[in-house]
Amino acid sequence: MTYEKYSASGNDFVIFHSFIKKDYSQEAIKLCNRTEGIGADGLIVLVPNGDYDFEWLFYNSDGSDAAMCGNGTRACAHYAYTNGLASSNMKFLTGAGTIESVVQENIVETQLTKPVLIKDEFEEDGFTWYLVDTGVPHLVAIVDNLEKYDNNLASKMRYKYNANVNFAKVENGKIYVRTYERGVEGETLACGTGMAACFLRANNLGLVENITNVYPKSNEELTLTKKDEKLYFKGAVKKVFTTSIN
């Protein structure tokens, strides 16, 4: 088998395509292992789908599946285009619904699935939270200092609400984000749907414009756009390497 490793804003993925749609959770555990495998936050498998350019199967590094991953959609789209599986404008199916992506060299923009509010703002453990599904559930707390990120608190909230947990700071019209992700069970360098949730919260509060630059822990610049109640997520991706494993 031939695999490609991609990085999208610090989120890294192992990607391959197959004609067989099946459970790849055990492959995800092995391939994503950072000491005995390739090492990644997640595994993406592209399989045929007659109604779309393709369908993806997404697994976290612990083998659990996930309906969506914003950074993953951008890496996946670039992989599909460069491997001749789709044109530069494509539609593919995820567990959260249809994704549309546009590839321009190493820049990929994805139209995310429609966000769904799960729980409006509420107070807990000294923070004001907001719970929204931007493909997967995300808790968002707007803070004045990202050092207020607390891994233990994030873990507690993650299990209580079965959601990823984000701390976001708004400064000079830009958003800076730190995210604790399910499946990884710790802080990651970036989370696309998490950044989208933080952008949506900040935009709804009037803190940022409809087009805003967002910076995850990796400090790479991404752009979130709100247009006609739709969210668009744009940024660079990088193919790290290609490898074959017998």
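Structure notes:
- Treating r as the C-beta distance of Ile20 and Ala236 and R0 as 25 Å, the FRET efficiency rounds to 0.20.
- Entries in Lys114/Lys227; Lys169/Lys217; Lys114/Lys169; Lys5/Lys114; Lys5/Lys239 that, when Cα-Cα distance is taken, lie over 18 Å: Lys114/Lys169; Lys5/Lys114
- Electrostatic dipole magnitude of the chain [Cβ: Lys, Arg +1; Asp, Glu -1; Cα centre; debye, to 20]: 240
- Put the Cα centre of region 204-237 next to the Cα centre of region 48-121 and the gap is 17 Å.
- Judged by the gyration tensor of its Cα atoms, with axes a ≥ b ≥ c, region 114-184 is rounded; a/c sits under the 1.5 cut.
- Over all distinct Cα-Cα pairs of the chain, the Kirkwood formula returns a hydrodynamic radius of 17.9 Å.
- Taking every protein chain into account, the accessible area of region 43-200 amounts to 39 square angstrom per residue (probe 1.4 Å).
- Listed residues Ile211, Ile245, Ile118 arranged by accessible area, highest first, probe 1.4 Å: Ile211, Ile118, Ile245
- Secondary structure note: in region 26-130, about 90% of the DSSP beta bridges are antiparallel.
- Whole-percent carbon and sulfur share, accessible surface of the chain, 1.4 Å: 45
- Cα long-axis angle, helix 192-204 against the chain (0 to 90 degrees, to the nearest 10): 30
- Stretching Thr98 away from Glu187 to a fully extended chain increases their span by 29.3 nm, per 0.36 nm per residue minus the current alpha-carbon distance.
- Against the chain, whose longest principal axis comes from its Cα atoms, helix 151-161 is set at around 80 degrees.
- Angle between the chain longest axis and helix 70-82 axis [Cα atoms, degrees, rounded to 10]: 30
The values are calculated or read from the model by the stated rules, or taken from the named source; none is laboratory data. Since this is a predicted model, take the numbers as computed values, not measurements. A quick note on method: Cβ atoms are made from the backbone with ideal geometry, for glycine too, and the neighbour counts reach across all protein chains shown. Please note that ligands, DNA and RNA were not included when accessible areas were found on the heavy atoms of the full protein model with its side chains. Shrake-Rupley method; radii C 1.70, N 1.55, O 1.52, S 1.80 Å.
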